[in-house]
Amino acid sequence: MFGISVCLQFSIIYGQSIEQKDIKVNTKQLSGLLCIDSRSSFENSQNILLQPQNSNVEAKKSPYLAAALSFLVPGAGEFYDGSYIKTAVFVAIEASAIAVGLIYNNKGNNQTNYFQNFADQNWSAYRYADWTLTNIKTLNPSLDPANYTGLLNAQTKTVNWTILNKLEIDVAGNGQQVVGSYYSHQLPQHGVQQYYELIGKYSQYNVGWDDFGDNPTKPYTYDPTRSNLTANFVYYSIERGKANDYYNVASKAVLVVVANHIISAVDAAWSAASFNKSLDVHTSLEKYDNGFYVVYYPQINIQYSF
């Protein structure tokens, strides 16, 4: 049986126009070779060759991958989604928060070293214990100073911490309402964090500051308004508070870093899902019949929803 095979070279991007026997299309999106054998129908022909080549249609994005990338490195998922402005925003937030956290944590460390050195130079556990023992009858008339032998070492200017803590508990009356009930805490060993906190926080430690004086017989009356605290006590409290403020800023910066990771991950997943929904691609093989000949040509319709 005699037949004619016709092969047409084509390439398209968004659509096509047909003039006589030629198919005029753009050459950026899809190109290939279409052969038609006149001896058989299109459906049964074995001689139809459709070879798509360079397609620029973007592949769908994975929300899971986008979220994972941004959770590890904020902005990475947005970069994967093609949202470059968002990438810059999340990276900038991350870098800024880390920088602030490091700076203020370092400032807190320096301030802590400063107020601890100030305390070591100007506050004395020996001075505090000596005044407390000397005024024990005023603080709690039921106590006998002889029960606290060994509290003070006059040669080394040190105290027995176990006896000191027992004295503080007894002065407070074990929670009973006595004159010395403002002795509400027991002093931890020198050097621990609570040691440096208590001596600048509670009025019972006011007598240990050097500007109170080394005279254990000097009177001191507890004032709830804290109006009679020494200048060093007040100054130390302010300086210790500065360190806490610096650490609070550093802590908030850490929270910003964590939140940035989570928000970026959620945004990247949402952006990927939105991208997939907005991109709609349809392909088809169309037929052109002018009554004298039949031409088949591929068609790609791309719809992007904003």
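General remarks:
- Net charge over other residues, Cβ less than 15 angstrom from the Cβ of N244 (K, R count +1; D, E count -1): +2
- In order through region 110-125: 3J(HN,Hα) via Karplus (6.51 cos²θ - 1.76 cosθ + 1.60), integer Hz, x for Gly, Pro: 5, 5, 5, 4, 5, 6, 5, 5, 4, 5, 4, 8, 10, 10, 10, 5
- The protection proxy used here, the mean number of other Cβ atoms lying within 10 Å of each residue, ranks peptides 127-135, 257-265, 148-156 as follows, highest first: 127-135, 257-265, 148-156.
- Where region 87-144 is the region considered: accessible area per residue in Å², 1.4 Å probe: 49
- Relative contact order (%) - criterion: Cα under 8 Å, at least six apart; region: region 72-191: 15
- Taking 26 Å as the limit for the C-alpha separation, the pairs K166/K201; K86/K277; K86/K242; K107/K201 exceed it in the case of K86/K242.
- Fraction of accessible area attributable to carbon and sulfur, region 55-134 (%, probe 1.4 Å): 63
- Computed accessible area, L187, all protein chains, 1.4 angstrom probe, square angstrom: 0
- Solvent-accessible area, 1.4 Å probe, carbon plus sulfur percent, for region 153-225: 52
- Prolate is the label for region 101-225. Its Cα gyration tensor axes, ordered a ≥ b ≥ c, give a/c of at least 1.5 and a/b above b/c.
- Å² of accessible area per residue within region 180-279, as computed with a 1.4 Å probe and no ligands counted: 50
The values are calculated or read from the model by the stated rules, or taken from the named source; none is laboratory data. Predicted model only: the values in this text are computed from it and were never measured. Cβ coordinates were reconstructed from backbone atoms using ideal geometry, including for glycine residues, and neighbour counts include every protein chain displayed. To get the accessible areas, we keep the full protein, side chains included, count just its heavy atoms, and leave off ligands, DNA and RNA. Shrake-Rupley method; radii C 1.70, N 1.55, O 1.52, S 1.80 Å.
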